[in-house]
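Colleague: First the structure, which I've put down as structure tokens, then a few questions once you've had a look.
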Amino acid sequence: MKMIIADLDGTLVSKKEVTNETKETIHALKQSGHLFTIATGRHMDATKDMVDLFDVHLPVICGNGSIIYDFDAQKIIHKQTILDKTVLDIMSLCDLYKVDFLMYTTKDIVTTHEGYHKLSSKIGDFKVKVVNRKMLGDFIHLGVIKILVIDERDDVIEDMKKRLDIYKDLHYVQSQPTFLDIGHVLSTKGRALSLLAKHLDISLKDVIAIGDQENDISMIEAAGIGIAMGDGQEMLKKKADYITSSFHENGFTKAINDLLLAKK
């Protein structure tokens, strides 16, 4: 296998915690000649610290596949934006259900104070434009790649999904139990992985992908070997070729040792 691509939250990171074993395993992978990169639901600005921590130099999949970003060159390799009219409809739906959301654009994350605090409590501080709710529409022209709804009410999330089903140009997934990620129908980690593999001239058969949530399913299906974290969603596990341990049992390290490094 030539390349390993891993989800961030719940796979490499949990509630802002990164284990030494994870960092050492990524270093060992690169030392043994394997390529390594990340595929995350996060915006580029909320991914940069992890890219630096893990010393990633390949392009990174962000926004659930809506962006492939080269941090070294500081340029977008691929982007998939939501139609402006559809963005306005989603914002109206958020107002109807009184939910907080963050708007991921090709430039910045834009949100209210409430939206920022909800996300930062989950993944830590990151660069964001905090504005009054009425000003959010002023940033649509930048190109919206994702809208992240954060709400603890399961019934509200389920109702919103039903209303979003009428939009054939949208795709939604849950990247965490309280997160509803809404993007373009073509914005999936699996499609982005295919584009990235082509960009790097690597066969998908030579890729290992690992994740833990619904938004990782398309990625582990596209890869030669798809791995599910032991504490991941059941629907993901059913699609995986291999199920490893949980995050707190160093599932990432276990999988890499079992499938790659221990065979050296």
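The values are calculated or read from the model by the stated rules, or taken from the named source; none is laboratory data. Predicted, not measured: the structure shown is a model, and the values here were computed from it. Because the Cβ atoms are built from the backbone with ideal geometry, glycine has one as well, and the counts that use them run over all protein chains shown. Surface accessibility is based on the protein's heavy atoms, side chains included, excluding ligands, DNA and RNA. Shrake-Rupley method; radii C 1.70, N 1.55, O 1.52, S 1.80 Å.
Colleague: Kindly provide the helix-only [θ] at 222 nm of the chain, computed as the sum of -39,500 (n - 2.57) over DSSP H runs of four or more divided by all residues, to the nearest 500 deg cm²/dmol?
Modeller: The helix contribution divided over the chain gives -9500 deg cm²/dmol.
Colleague: Another one. Extension gain Val185-Lys15, at 0.36 nm per residue separation less the Cα-Cα distance, in nm?
Modeller: Length gained between Val185 and Lys15: 58.4 nm.
Colleague: If you stretched the chain out fully between Ser120 and Lys205, how much longer would it get, using 0.36 nm times the residue separation minus the C-alpha to C-alpha distance?
Modeller: My answer for the length gained is 27.0 nm.
Colleague: Compute and list, largest first, the equivalent-ellipsoid semi-axes of the stretch 14-116 from the alpha carbon gyration tensor, each √(5λ) rounded to a whole angstrom.
Modeller: Semi-axis lengths for the stretch 14-116 are 31, 17, 10 Å.
Colleague: Further question: Pick from His27, His184, His199: which residue has the top mean-square fluctuation in a GNM of the chain where Cα pairs under 10 Å get a spring?
Modeller: Looking only at His27, His184, His199, the biggest GNM fluctuation is shown by His199.
Colleague: Something else: Which entries of Lys48/Lys161; Lys85/Lys238; Lys16/Lys129; Lys16/Lys146; Lys23/Lys134 show an alpha-carbon separation above 32 angstrom in the structure shown?
Modeller: Lys85/Lys238; Lys23/Lys134
Colleague: Still on this model: Could you compute the FRET efficiency for Glu158 and Val131, with r as their C-beta to C-beta distance and R0 at 25 Å, rounded to 0.05?
Modeller: With a Förster radius of 25 Å, E is 0.30.
Colleague: Further question: Roll a 1.4 Å probe over the protein chains and send me the accessible area per residue for the chain in Å².
Modeller: Value for the chain: 44 Å² per residue.
Colleague: Oh, and also: Counting alpha carbon pairs within less than 8 Å and at least 6 residues apart, what relative contact order, in whole percent, applies to the stretch 1-44?
Modeller: After rounding, I find 58 percent.
Colleague: If eta is 1.306 mPa s and T is 10 °C, what Stokes-Einstein diffusion coefficient results for the stretch 72-228, Kirkwood Rh from Cα pairs, in µm²/s?
Modeller: Once the numbers are plugged in, D ends up at 96 µm²/s.
Colleague: For Ser175, what residues show an amide H to amide H distance below 5 Å, using hydrogens built from the backbone and excluding near sequence neighbours?
Modeller: Long-range HN contacts for Ser175: Asp181.
Colleague: Pick out which of Lys237, Lys122, Lys79 has the largest mean-square fluctuation in a Gaussian network model of the chain, springs linking Cα atoms closer than 10 Å.
Modeller: Lys122
Colleague: Then there is this: From zero outward in steps of 10 Å, how is the percent of C-alpha pairs of the stretch 72-111 spread across the bins?
Modeller: 23, 48, 21, 8, 1
Colleague: Let me know the Kirkwood hydrodynamic radius for the chain, please, with Cα pairs as the basis and the value in Å to one decimal.
Modeller: Hydrodynamic radius (Kirkwood, Cα pairs) of the chain is 18.4 Å.
Colleague: If I take every Cα pair under 8 Å that is 6 or more residues apart in the chain, average their sequence separation and divide by the length, what percent do I get for the relative contact order?
Modeller: Relative contact order, the chain: 20 percent.
Colleague: Let me ask something additional. Let a ≥ b ≥ c be the square roots of the eigenvalues of the Cα gyration tensor of the stretch 199-263; is it rounded (a/c under 1.5), or, if not, prolate (a/b larger than b/c) or oblate?
Modeller: oblate
Colleague: Here is a further query. Which one of Thr25, Thr244, Thr40 has the biggest mean-square fluctuation once the chain is modelled by GNM with Cα springs under 10 Å?
Modeller: In the Gaussian network model the winner is Thr25.
Colleague: Enumerate the whole-percent occupancy of each 10 Å bin, from 0 to the last occupied one, for all C-alpha pair distances of the stretch 135-259.
Modeller: Here the calculated profile for the stretch 135-259 is 12, 34, 35, 16, 3, 0.
Colleague: Once a ≥ b ≥ c are taken as the square roots of the eigenvalues of the Cα gyration tensor of the stretch 114-187, is the result rounded (a/c under 1.5), prolate (a/b larger than b/c) or oblate (a/b not larger than b/c)?
Modeller: Since a/c reaches 1.5 but b/c is at least a/b, the shape of the stretch 114-187 is classed as oblate.
Colleague: Per 0.36 nm of contour for each residue apart, how much would the distance between Asp169 and Lys238 grow if the chain were fully extended, relative to their Cα-Cα spacing?
Modeller: Gain on extension, Asp169 to Lys238, equals 22.2 nm.
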